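The values are calculated or read from the model by the stated rules, or taken from the named source; none is laboratory data. Nothing here was measured: the structure is a model prediction, and the numbers come from that model. Cβ sites come from the backbone with ideal geometry, for glycine too, and all protein chains shown count toward neighbours.
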Amino acid sequence: NAMLSWQRTAYHFQPQKNWMNDPNGPLYHKGWYHLFYQYNPDSAIWGNITWGHAVSKDLIHWLYLPFAMVPDQWYDINGVWTGSATILPDGQIMMLYTGDTDDYVQVQNLAYPANLSDPLLLDWVKFKGNPVLVPPPGIGVKDFRDPTTAWTGPQNGQWLLTIGSKIGKTGVALVYETSNFTSFKLLDGVLHAVPGTGMWECVDFYPVSTKKTNGLDTSYNGPGVKHVLKASLDDNKQDHYAIGTYDLGKNKWTPDNPELDCGIGLRLDYGKYYASKTFYDPKKERRVLWGWIGETDSESADLQKGWASVQSIPRTVLYDKKTGTHLLQWPVEEIESLRVGDPTVKQVDLQPGSIELLRVDSAAELDIEASFEVDKVALQGIIEADHVGFSCSTSGGAASRGILGPFGVIVIADQTLSELTPVYFYISKGADGRAETHFCADQTRFAFLSGTINLSLSSEAPGVGKQVYGSSVPVLDGEKHSMRLLVDHSIVESFAQGGRTVITSRIYPTKAVNGAARLFVFNNATGASVTASVKIWSLESANIQSFPLQDL
Ligand code: DQQ
């Protein structure tokens with residue numbers, strides 16, 4: 001449907017057509033980054049799940065390859081589901097994935113490349129003895145999926161990995177040991193369990209350095225290391241993580257802040273984002289995070305447009321040494337290769353209740369860095385501020401004016417502001433009486449100056465999900481309020497304070513498209529003026545093309 005072609009993205013990864021969901025088995029091999037993904041070859045809705053495959057030299061430009069695996073065995077005939085790669089010291093690649101069997105039982109299977117000397121890893125072999133794992137006693141046959149990358153255990157030649165499940169309403173991460181990836185033993189206890197969180201999908205478990213600025217290989221452990229546990233909560237489709245300490249010998253991970261939602265309380269992304277997975281990139285010594293950005297329109301709209309979902313821009317993940325409580329997620333540096341020429345640099349003084357158009361080329365494809373200085377006197381006045389207990393999602397969005405917010409950037413807007421998406425900070429009074437900053441993205445409405453709510457929306461299309469996303473974000477003494485935004489036609493990925501809090505917005509503009517898209521800065525606070533310093537780059541489109549062998 002050519003009518004909706006502008007809703008496709010220009011530099012996010014998405015298949016040429018049909019349905020995609022989770023990123024699978026990301027890895028680096030002989031100069032190429034490999035991405036596999038849950039894919040339906042036949043339709044724009046979920047089903048017939050097959051492993052799509054694409055490769056890239058830089059995580060930005062991609063080559064689609066023939067499918068890596070299709071559902072063709074009794075143990076995966078109802079779907080070749082999510083899995084992860086483990087690269088052994090001798091270079092062998094062990095790909096463990098979940099199969100949905102002919103009886104709808106979730107089992108784990110092993111696959112490996114037929115030819116390791118092929119940089120493109122075109123052919124995959126399913127192990128003859130599959131399945132290698134079936135649901136253990138006490139675990140539901142539909143509650144056993146998404147094996148992680150393995151890490152080395154305390155004994156020589158021993159590998160450990162975790163698989164998400166639930167026991168009653170308690171989400172759990174089961175741990176298995178193996179030496180050969182074909183036979184496994186369930187360890188006593190669980191890595192972690194959180195009552196009330198339901199089924200844990202796509203568990204991810206990896207070390208982060210508390211001292212260095214590089215990422216760590218999955219098996220790395222020792223002093224100066226903390227471990228991140230991430231679970232994708234099937235019940236609410238949110239990716240939650242916590243930072244903690246891993247005791248390898250005791251098979252136990254302990255969150256640093258157990259009081260925070262029982263230790264799985266932060267979200268990787270407060271927008272439309274799910275089933276994420278990291279891998280270690282040996283080329284640049286970094287840990288890279290992929291995530292699935294789904295649709296918020298209807299299935300019938302997806303069928304009509306003939307495709308659904310994109311992958312997020314890969315993000316580097318680091319431990320935030322300054323807060324000690326958050327991860328820092330940041331778009332991989334290669335995205336900067338798409339920047340066209342010098343940035344537009346602007347400094348704008350924004351009085352309470354003001355908005356300013358920033359003239360830029362191609363506002364549908366931008367990389368924006370913006371920082372905001374709030375006048376100090378006003379900030380002192382926070383004691384007077386209203387809104388103790390403010391939260392983005394229960395607030396009135398960008399239309400609700402407070403003394404110290406909202407202020408920020410308006411993206412994917414048209415000239416008349418009938419469609420727009422504000423991404424902004426809102427400073428409120430925290431429970432301790434001190435300033436608390438919130439980072440929000442509003443798809444619902446916006447009122448300019450008057451405070452009356454008008455009908456501006458992120459999209460005028462009917463049946464599209466709209467909400468106010470966001471969360472609080474730590475802003476430390478001496479820090480400005482800063483954000484980085486990647487705008488790509490129908491997706492905005494927004495990173496606050498160096499990536500402590502991230503929001504991905506899925507937007508369906510009907511007017512704010514291509515050349516009609518505009519960019520604004522605004523300050524809708526009633527009690528503070530704000531100085532915005534903005535750097536804006538137009539971005540080129542990425543080159544995503546078919547491999548000559550692709551059989552469409
Ligand atoms: N998607 C896969 C499952 C996983 C879910 C099936 C998460 O393996 O649990 O497509 O989105």
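Miscellaneous remarks
- Residue selected from the stretch 236-254 under the condition within 16 Å of the ligand (Cβ to nearest atom) and assigned to a loop (DSSP other than H, G, I, E, B), by the criterion nearest to ARG506 (Cα to Cα): LYS237
- The residues of the stretch 172-222 that are within 27 Å of PRO135 (Cβ to Cβ) and among the acidic types (Asp, Glu), listed by number, are GLU177, ASP188, GLU201, ASP204.
- Some residue of the stretch 255-265 being in a loop (DSSP other than H, G, I, E, B), outside the structural domain of PRO509 (by TED's automatic domain parsing) and either within 16 Å of the ligand (Cβ to nearest atom) or touching a Pro at 6+ places or on another chain (Cβ under 8 Å) (or both): yes
- Considering residues of the stretch 1-37 that are charged (D, E, K, R) and on the phi < 0 side of the Ramachandran plot only, the residue nearest to the ligand (Cβ to nearest atom): ASP22
- Some residue of the stretch 134-145 being among the aliphatic types (A, V, I, L, M) and under 25 Å from VAL288 (Cβ atoms): no
- Counting only residues that are surrounded by fewer than 21 Cβ atoms within 10 Å (Cβ to Cβ) and either of a type in the set (S, T, N, Q) or assigned to a strand (DSSP E or B) (or both), the stretch 22-37 holds 3 of them.
- Qualifying residue in the stretch 42-51 (condition: at pLDDT 95 or above, closer than 18 Å to SER546 by Cβ and crowded, with 16+ Cβ neighbours inside 10 Å): yes
- Within the stretch 211-233, being in contact with a Lys or Arg (Cβ under 8 Å, 6 or more places away or on another chain) and closer than 20 Å to SER276 by Cβ holds for GLY215, LEU216.
- Residue pairs whose Cβ atoms lie under 6 Å apart, separated by 6 or more positions or on different chains, with the first residue in the stretch 263-289 and more than 11 Å from ASP217 (Cβ to Cβ) and the second outside any strand (DSSP E or B) and basic (Lys, Arg), are TYR274/LYS237.
- All strands (runs of 3 or more DSSP E) inside the stretch 407-470 with 2 or more residues being touching a His at 6+ places or on another chain (Cβ under 6 Å) and at pLDDT 65 or above: 421-429
- Answer residue from the stretch 180-207, given it is closer than 18 Å to ASN109 by Cβ and touching a strand residue (DSSP E or B) at 6+ places or on another chain (Cβ under 8 Å) and is surrounded by the fewest Cβ atoms within 10 Å (Cβ to Cβ) among those: LYS185
- In the stretch 119-141, the residues that are of a type in the set (D, E, K, R) and either touching a residue at least 40 places away in the same chain (Cβ under 8 Å) or part of a strand (DSSP E or B) (or both): LYS126
- Subset tally (residues that are surrounded by fewer than 21 Cβ atoms within 10 Å (Cβ to Cβ) and outside any strand (DSSP E or B)) for the stretch 500-526: 7
- Of residues in the stretch 373-392 being surrounded by fewer than 20 Cβ atoms within 10 Å (Cβ to Cβ) and at pLDDT 90 or above, the one farthest from the chain's Cα centre (by Cα): GLU373
- Considering residues of the stretch 120-170 that are in contact with a Gly (Cβ under 6 Å, 6 or more places away or on another chain) and over 16 Å from THR218 (Cα atoms) only, the residue surrounded by the fewest Cβ atoms within 10 Å (Cβ to Cβ): LYS169
- Count of the stretch 292-339 residues which are touching a strand residue (DSSP E or B) at 6+ places or on another chain (Cβ under 6 Å) and of a type in the set (Lys, Arg): 2
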